[in-house]
Amino acid sequence: MDIWDVRAFVYKHFADTTRPPSVEETAQHFNISAEQAGELYKDLNNRHSFFLEPETLTIRMANPFSGIPTDFKVHANGKTYFANCAWDMLGIPAALHCDAVIDAVFTESGETVQLEVKNGQITHSQFLVHFPLPFARWYDDLVFT
């Protein structure tokens, strides 16, 4: 088991359950201590492989999956996932290799919209996605971006 096995487990857990695994669940899966799992979580966070809530070992983001409820709900494979942003709401069906229905809220207006992804394409949509920062600055404050 190495750090990338832990990352793969986190993503599989998100895909299977719609939520991130706790440190204890990861420790149990790999038959290691919670302290060892916590150190691996910190290392993955430092490498931007996923993001922890500040000062905790709770996974906030494993892009495109969100560990907390957001305005971007992706209904896929009979489950509802939360995405971190408009970009990630499209990333979930891509990561899962499946069709999806997406319920999103426009940040500025509060208006709701529903999109459908079928066979890797958005169907019947005339919406544009706006990113407030260029990609080169996303990691300055990824939660805001």
Completion exercise
Apart from one, (1) outside any loop (DSSP other than H, G, I, E, B); (2) in contact (Cβ under 8 Å) with a residue 24 or more places away in the chain; (3) outside the structural domain of PHE106 (by TED's automatic domain parsing); (4) within 30 Å of GLN121 (Cα to Cα) all hold for ASP43; the odd one out is (4)
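When region 87-131 is examined, which residues are found to be of a type in the set (Ser, Thr, Tyr) and in a helix (DSSP H, G or I)?
Passing the criteria: none in range.
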Exercise for the section: Find the residue count for region 17-35, including only residues that are in a helix (DSSP H, G or I) and of a type in the set (Val, Ile, Thr). Expected result: 3
Completion exercise
Residue set MET61, MET1; condition in contact with a helix residue (DSSP H, G or I) (Cβ under 9 Å, 6 or more places away or on another chain), buried (at least 17 other Cβ atoms within 10 Å of the Cβ) and either on the phi > 0 side of the Ramachandran plot or not in a helix (DSSP H, G or I) (or both); output residue MET61
Fill in the blank from the handout: GLY38: passes all of (1) part of a loop (DSSP other than H, G, I, E, B); (2) surrounded by 16 or more Cβ atoms within 10 Å (Cβ to Cβ) but (1)
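Somewhere in region 5-15, is a residue farther than 30 Å from ASP103 by Cβ, at pLDDT below 95, surrounded by fewer than 18 Cβ atoms within 10 Å (Cβ to Cβ) and out of contact with any Gly (no Cβ under 7 Å at 6 or more places or on another chain)? Give the steps one after another, and end with the answer.
Here is the first cut: in region 5-15, the residues farther than 30 Å from ASP103 by Cβ are 5-6.
Add one more test, that the residue is at pLDDT below 95, and what stays is none.
No: region 5-15 contains no residue that is farther than 30 Å from ASP103 by Cβ, at pLDDT below 95, surrounded by fewer than 18 Cβ atoms within 10 Å (Cβ to Cβ) and out of contact with any Gly (no Cβ under 7 Å at 6 or more places or on another chain).
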Exercise for the section: Please work out if VAL74 is β-branched (Val, Ile, Thr), modelled with pLDDT of 95 or more, surrounded by 13 or more Cβ atoms within 10 Å (Cβ to Cβ) and assigned to a strand (DSSP E or B). Expected result: yes
Completion exercise
Picked from region 77-115 (must be modelled with pLDDT of 95 or more and of a type in the set (Ser, Thr, Tyr)), the residue surrounded by the fewest Cβ atoms within 10 Å (Cβ to Cβ) is THR80
Exercise for the section: Check GLY67 against each of (1) touching a residue at least 40 places away in the same chain (Cβ under 8 Å); (2) crowded, with 18+ Cβ neighbours inside 10 Å; (3) more than 30 Å from GLY110 (Cβ to Cβ) and name the one condition it does not meet. Expected result: (3)
Completion exercise
When every residue in region 1-44 that is of a type in the set (S, T, N, Q) and under 21 Å from PRO69 (Cβ atoms) is compared, the one farthest from the chain's Cα centre (by Cα) is SER22
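The values are calculated or read from the model by the stated rules, or taken from the named source; none is laboratory data. All of these numbers come straight from a predicted model, not from anything done at the bench. Note that we place each Cβ from the backbone using ideal geometry, even for glycine, and neighbour counts take in every protein chain shown.
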